[in-house]
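The values are calculated or read from the model by the stated rules, or taken from the named source; none is laboratory data. From a predicted model like this one, the values you see are computed outputs, not experimental measurements. Cβ atoms come from the backbone with ideal geometry, glycine included; neighbour counts cover every protein chain shown. In case anyone asks, the SASA skips ligands and DNA or RNA and just uses the protein heavy atoms, side chains included. Shrake-Rupley method; radii C 1.70, N 1.55, O 1.52, S 1.80 Å.
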Amino acid sequence: MTNLSLRFLMVLFGVVVILMAGLAVGSVTISPDEIWQCVTAECQQPINDIILWDLRLPRVLMAFVAGGGLAVAGAMLQNATNNQLADPYLFGIVSGAGLGAVIFSVLAQSSDSIGTPISASIGAIAAIVLVMTVVMKNRLFRPEHIILAGVAVSFMLAAVLHFVLFVAEPLAANRIIFWLMGSVATASYESVLIVFVPLLICVSVLLLLRHQIDALLLGDVQAETLGVNVNRMRFLLLLITAIVTAVTVAFCGGIGFIGLMVPHIVRNFAKGNTGTLVPLSLVVGGCFLVVVDLIARTAMVGQEMPLGVITSALGSVFFLLVLKRSRHG
């Protein structure tokens, strides 16, 4: 057996173990034996059938798809801007999604499970269009200019969002604030499919263009000498980042730091190869969010923690370790 085959089997085994833990552990523990029986025949206890198929499986699938999508989006944004501190949320996507959701809640006076993600999607896409308009109209194609345009739009939308929350009815404001902290508790098979299909298309495009994306890491001049249209490729990567992040935020709320942490970890193994970076980010990001969701479900008795709280706490520790390592490096 080659080293590549052995590594693939180890990664596959790790993914299966994490997914099984996500299905088995919670307020009600289901043993691996019973999960296997539920898969191959019928559950011994009818209640476990509902817990496994209607609650935990869509939730675990959503956590895996959302975590993988955010990690891929972060990796590609870092490649597009040649900046390993770039994060998808710098483009105002979370602020735009939050603003769309809060406007829907205030106007409709409703917590509609479909209306909120649709409104959030519209807000996220509007934020992306605003950033792209600023970039294109002012011909700000340099990576640092694109990031600054995203930061400016993000702060502007955040200001409007906070103002609307300030004047909104308290119950609606509390509901949106909790949603913005991130959760996969309301996941369904339909919502998983809506998040998964755009991610699958975007990942396929990235793998087809992996050689051109690798050339971007050599610098604009070198990439152009290799025949890569730098501006067009950078715009495509930003568009893919925006689509994947927007559809994820619309259904899961704001889950920060995954797009920063996971690409940092994975890049050491990918060695600048997009063909390895993308699938590895997808798998590691997905497993990471499944574990975070597991912690969120079990850390406190009788209630769940928002995912964004845990990822932010882990992210701050991670960057302190990175800072310490760079100091001694």
Has segment 45-56 got any residue that is surrounded by 18 or more Cβ atoms within 10 Å (Cβ to Cβ) and closer than 30 Å to Ile265 by Cβ? yes
Scanning segment 215-261 residue by residue, those farther than 23 Å from Phe64 by Cβ, in a helix (DSSP H, G or I) and either polar (S, T, N, Q) or over 22 Å from the mean Cα position of the chain (by Cα) (or both) turn out to be Ala215, Leu216, Asp220, Val221, Gln222, Ala223, Glu224, Thr225, Val230, Asn231, Arg232
If we keep only residues of segment 38-60 that are of a type in the set (S, T, N, Q) and not in a helix (DSSP H, G or I), then the residue modelled with the lowest pLDDT is Gln44
Please verify whether segment 310-327 includes one or more residues that are modelled with pLDDT of 90 or more, on the phi < 0 side of the Ramachandran plot and open to solvent by less than 50 Å² (accessible area, probe 1.4 Å).
-> yes
Per the filter on segment 135-144, residues among the hydrophobic types (A, V, I, L, M, F, W, C) and either modelled with pLDDT of 85 or more or over 22 Å from Ala158 (Cβ atoms) (or both) are Met136, Phe141
Counting only residues that are open to solvent by 90 Å² or more (accessible area, probe 1.4 Å) and touching a residue at least 60 places away in the same chain (Cβ under 8 Å), segment 187-201 contains a total of 1
Inside segment 271-318, the number of residues satisfying the requirement of being closer than 22 Å to Val72 by Cβ, free of Cβ contacts under 8 Å to residues at least 12 places away in the same chain and in a helix (DSSP H, G or I) is 1
Across segment 5-37, the tally of residues that are within 23 Å of Asp293 (Cα to Cα), of a type outside the set (A, V, I, L, M), under 24 Å from the mean Cα position of the chain (by Cα) and part of a helix (DSSP H, G or I) stands at 3
